[in-house]
Amino acid sequence: MSDLTGPELDFLHHAIDLAREGRADELAALVDAGLPVNLTNPAGDTLLILAAYHEHPDTVDALVQRGADTERQNDRGQTALGAATFRRQTRSVELLLAAGADPAGGAKSALDLARFFELDDMVALLEAPRP
């Protein structure tokens, strides 16, 4: 049972919707004002996972710049990098890798997903040497 009020829950749902919809500037402003950057929905999806899965690289970038945990897993063992890989979102994958996301991290790693679905371009990107 939650101790949050209806308006508080509505606010948190709104923040999660901003990540899902790719409204990077609005979400960044909320995080800058104190919203937890690793806010998680009931399925364990963080704002970063939602932004990556719904193909919003600008939102991924805004969250990464504000310290979002690239290794957090949802309840299914998926990471933001796995979500971006599955959706073949090169820019989000590059941003997450640059932020230190582990291609082999998570119960269902990005590398495993790319290999399973034969996403050869993603395998190459995930296995490419990094500076």
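For the chain, just say rounded, prolate or oblate: build the C-alpha gyration tensor, square-root its eigenvalues into a ≥ b ≥ c, call rounded for a/c under 1.5, and beyond that prolate if a/b exceeds b/c, oblate if not. Note, shape of the chain comes out prolate. Here the Karplus curve 6.51 cos²θ - 1.76 cosθ + 1.60, taken at θ = phi - 60°, turns the phi angles of the stretch 25-32 into couplings of 5, 5, 5, 4, 4, 5, 5, 4 Hz, with x standing for Gly and Pro.
Working note: Karplus 6.51/-1.76/1.60 with θ = phi - 60° gives the stretch 61-66 the couplings 4, 4, 6, 4, 4, 9 Hz, where Gly and Pro are set to x. Rounded to the nearest Hz, the phi-derived 3J(HN,Hα) couplings of the stretch 9-18 under the Karplus curve 6.51 cos²θ - 1.76 cosθ + 1.60 (θ = phi - 60°) are 5, 4, 4, 5, 4, 4, 4, 5, 5, 4, where x marks glycine and proline. Of interest is the spacing of the C-alpha centroids, which for the stretch 1-59 and the stretch 68-131 amounts to 21 Å.
Does the stretch 64-124 come out rounded, prolate or oblate by the C-alpha gyration tensor, with a ≥ b ≥ c the root eigenvalues, rounded set by a/c under 1.5 and, if not, prolate when a/b is larger than b/c and oblate if not?
Working: a/c = 2.09, a/b = 1.26, b/c = 1.66.
The shape class here is oblate.
Values quoted throughout were computed directly from the atomic coordinates according to the rules given, and no laboratory measurement underlies them. Owing to the predicted nature of the structure, the values given are computational and were not obtained by experimental measurement.
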